[in-house]
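The values are calculated or read from the model by the stated rules, or taken from the named source; none is laboratory data. All figures in this text were calculated on a predicted structure; none of them were measured in a lab. Methodologically, a virtual Cβ is constructed for each residue, glycine included, from the backbone with ideal geometry; neighbour enumeration extends over all protein chains shown. We work out accessible area using only protein heavy atoms, side chains counted, and drop any ligands, DNA or RNA first. Shrake-Rupley method; radii C 1.70, N 1.55, O 1.52, S 1.80 Å.
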Amino acid sequence: MRAWINRDITALKAVTARDFTLVVGSKPPVMLDYLSFIDAADQRWACSSYRFGTVYVRAHGSFTLFAAQADLEARFDRTDWSGPVWITDLWRKGKVRRRWRLVERVISRPEDRAEVPPAIRGMQLWR
């Protein structure tokens, strides 16, 4: 996130895998591949600040899932894209250098209907 805010393309490339994909949960959903994302972060899609809310992290061997609510101040081209989002990242640890790289990011707007969270919680068998 800091590399994106600082438009530090070298740092962004260092933490992003070559097979990276960004999925934006819009209607319809859209996707950017690695090269498109790097180009957009450099020229057209700027994030000026972020604040994470609740964070969820779960390790699965050489992969780690990161999910968090966030408030972004962002723009692409002349469009303001600020507000609450849900970010889900998949990170992979390399086999040779053992560095973590971002493989997949999904950004979507959170569900804002108040009845949804309690309804889903009501389905939990492990309460």
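Just to verify a number: FRET efficiency for Ser48 and Lys93, C-beta to C-beta distance, R0 = 35 Å, to 0.05? Write down the numbers at each step before the final one.
Values: r = 30 Å, r/R0 = 0.86.
The computed FRET efficiency comes out at 0.70.
What FRET efficiency do you get for Asn6 and Arg58 if R0 is 25 Å and r is their Cβ-Cβ distance, rounded to the nearest 0.05?
Values: r = 28 Å, r/R0 = 1.13.
Calculated transfer efficiency: 0.35.
Going toward the positive end of the dipole of the chain, with +1 on Lys and Arg Cβ and -1 on Asp and Glu Cβ, which of Ala40, Val96, Pro28 do you reach last?
Val96
Take the Cα radius of gyration of the stretch 1-41 and divide it by 2.2 N^0.38 Å, with N its residue count; two decimals is plenty. Intermediate values should be presented prior to the final figure.
On the way: Rg = 10.7 Å, N = 41, 2.2 N^0.38 = 9.0 Å.
Against the empirical 2.2 N^0.38 Å value, I get 1.19 for the stretch 1-41.
In percent, how large is the relative contact order of the stretch 10-64, given Cα pairs closer than 8 Å and 6 or more residues apart? Walk me through the intermediate numbers first.
Values: 26 pairs, mean separation 12.2, N = 55.
Relative contact order of the stretch 10-64: 22 percent.
Can you sort Ser36, Ser48 by solvent-accessible area, 1.4 Å probe, largest first?
Working: Ser36 50, Ser48 80 Å².
Output order, biggest surface exposure first: Ser48, Ser36.
With θ set to phi - 60°, apply the Karplus curve 6.51 cos²θ - 1.76 cosθ + 1.60 along the stretch 79-94 and write out the HN-Hα couplings as whole Hz, x wherever there is a Gly or Pro.
Each residue's phi maps through the Karplus curve to give 9, 6, 10, 7, x, x, 9, 10, 10, 10, 10, 10, 10, 10, 8, x Hz.
Using θ = phi - 60° and the Karplus relation 6.51 cos²θ - 1.76 cosθ + 1.60, list the HN-Hα couplings for the stretch 32-48 in order, rounded to whole Hz, with x at every Gly or Pro.
Those phi angles translate into 10, 7, 3, 4, 5, 5, 4, 5, 5, 5, 7, 10, 10, 10, 10, 10, 9 Hz.
Report the relative contact order of the stretch 39-127, percent, no decimals, based on alpha-carbon pairs under 8 angstrom and at least 6 residues apart.
Values: 146 pairs, mean separation 18.1, N = 89.
Answer for the stretch 39-127 is 20 percent.
Identify which of Lys27, Lys13, Lys93 has the largest mean-square fluctuation in a Gaussian network model of the chain, with springs joining Cα atoms closer than 10 Å.
Lys27
Based on DSSP, what percent of beta bridges with both residues in the chain are antiparallel, to the nearest 5?
Values: 37 of 43 bridges.
Antiparallel bridges make up about 85 percent of those DSSP assigns within the chain.
Run the helix sum for the chain: -39,500 (n - 2.57) per DSSP H stretch of 4+ residues, divided by residue count, reported at 222 nm to the nearest 500 deg cm²/dmol. Present the calculation step by step, with values, prior to reporting the outcome.
Values: 4 runs with 27 residues, N = 127.
Estimated from H runs of four or more residues: -5000 deg cm²/dmol.
To the nearest 10 Å², what's Ile38's accessible area with a 1.4 Å probe?
10
Sticking to Cα atoms, compute the Rg of the chain to one decimal and its Dmax as the biggest Cα-Cα distance, whole number, in Å.
Gyration radius and largest Cα-Cα distance of the chain: 15.9, 47 Å.
Just the accessible area for Trp100, please: 1.4 Å probe, Å², rounded to the nearest 10?
Its heavy atoms expose roughly 100 Å² to the probe.
With the crude spin-label approximation of a point 7 Å out along Cα→Cβ, what separation in nm comes out for Arg78 versus Phe66?
3.4
List the residues whose amide H sits under 5 Å from the amide H of Phe20, counting only those 5 or more places along or on another chain, with H placed 1.01 Å from N in the peptide plane.
Answer set, sorted by chain and number: Tyr34.
Out of every Cα-Cα pair in the stretch 14-61, what percent are more than 18 Å apart?
Working: 597 of 1128 pairs.
That fraction is 53 percent.
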